[in-house]
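All remarks here apply to the structure that follows.
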Amino acid sequence: MKKVGIIMGSASDLPIVQKAIDTLDALGIPNETHIYSAHRTPDEAADFAANAKKNGFGVIIAAAGMAAHLAGALAARTTLPVIGIPCKSSVLDGMDALLSTVQMPSGIPVATVAINGATNAALLSAEILAVSDEELAKKLSDKRHAEAQAVLEKDAELNK
Ligand code: RP5
């Protein structure tokens, strides 16, 4: 199976990113996490993205806060799908990172999830890989089924 690469702009993003790592691990999806910043270590970030396909990655998740250009900078270097997680890390409560990540000009797409939406970033990366992996697709649909059952059990408990 192709790997998911998770890049975060700072070690301070790890508490948010950990949910993506945990979700991928639970689904048995190989993943690798690095701290590369678009502004502090631009060469390492660019090299990772430029070589990601040949290094066995199928999707890249990029998490960054403030003026969050990491996802766009990585996406500029690869045609692999890039998912951006805007991180809440400043006085603007993540709105700065959300707009910086989601408002990509035409030509270089970034699939942006919610502020701190690391779980959905991992699930979206799994869905992308599952397009060509039936076993993974089944795991994802089983997971949804289990979540639906949990909601219905709560409903039944509430109404008994
Ligand atoms: C961004 O600036 C990082 O992604 C982080 O969310 C934010 C703050 O970084 P630190 O100052 O905590 O390293 O580059």
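Quick one: which of K138/K160; K3/K138; K53/K138; K19/K53 span more than 29 angstrom between C-alpha atoms?
Numbers: K138/K160 32 Å; K3/K138 18 Å; K53/K138 25 Å; K19/K53 24 Å.
Violating the 29 Å limit, Cα to Cα: K138/K160.
How much net charge surrounds H34 when only the other residues with a Cβ under 11 Å from the Cβ of H34 are counted, with Lys and Arg +1 and Asp and Glu -1?
Residues near H34 contribute -3 overall.
Which value in deg cm²/dmol, rounded to the nearest 500, describes the helix-derived mean residue ellipticity at 222 nm for the chain, given -39,500 (n - 2.57) per DSSP H run of n ≥ 4 and division by the residue count? Let's see the in-between values first.
Details: 6 runs with 76 residues, N = 160.
-15000 deg cm²/dmol, from helical runs alone.
With the dipole of the chain worked out from charges on the C-beta (+1 for Lys and Arg, -1 for Asp and Glu) around the Cα centre, which of I35, T119, S89 lies farthest toward the positive end?
It is I35, whose Cα lies furthest towards the positive end.
Quick check on the range 3-133: what does the Kirkwood estimate of hydrodynamic radius come out to from the alpha carbon pairs, in Å?
After inverting the mean inverse Cα-Cα distance, the result is 14.1 Å.
With unit charges on the beta carbon (Lys/Arg positive, Asp/Glu negative), name the residue among I108, A20, G5 whose Cα is farthest towards the positive pole of the charge dipole of the range 3-133.
Result: I108.
Let's see if you can work this out: charge +1 on each Lys and Arg Cβ, -1 on each Asp and Glu Cβ, no other charges. What is the dipole magnitude of the range 3-133 about its Cα centre, in debye to the nearest 20?
On the way: 7 positive and 11 negative charges, 38 e Å.
Roughly 180 debye for the range 3-133.
Of the peptides 65-78, 138-151, 47-60, how do they stack up when ordered by the mean number of other Cβ atoms within 10 Å, highest first? Walk me through the numbers before you get to the answer.
Details: 65-78: 23.2, 138-151: 11.4, 47-60: 17.4.
In decreasing order of mean packing, 65-78, 138-151, 47-60 become 65-78, 47-60, 138-151.
First select every other residue whose beta carbon is under 13 angstrom from the beta carbon of A148; then total the charges, Lys and Arg +1, Asp and Glu -1.
-1
How large are Rg and Dmax for the range 93-160 when calculated on the C-alpha trace, in angstrom?
16.9, 54
Can you grab the distance from the C-alpha centre of the range 91-107 to the C-alpha centre of the range 16-50, Å, no decimals?
Using only Cα atoms to place each centre, the spacing works out to 19 Å.
Given H placed on each backbone N at 1.01 Å, which residues far from Y36 in sequence or on other chains put an amide H within less than 5 Å of it?
M8
Shape call for the range 2-70 from the C-alpha gyration tensor, a ≥ b ≥ c root eigenvalues: rounded (a/c under 1.5), prolate (a/b greater than b/c) or oblate? Walk me through the numbers on the way to the answer.
Values: a/c = 2.61, a/b = 1.18, b/c = 2.21.
Judged from the Cα gyration tensor, the range 2-70 comes out oblate (a/c at least 1.5, b/c at or above a/b).
No value in this document is a laboratory result; all are computed from the given coordinates. Being a predicted model, the structure only gives us computed values, none of them experimental. Here the Cβ is made from the backbone with ideal geometry for all residues, glycine too, and neighbour counts use every protein chain on show.
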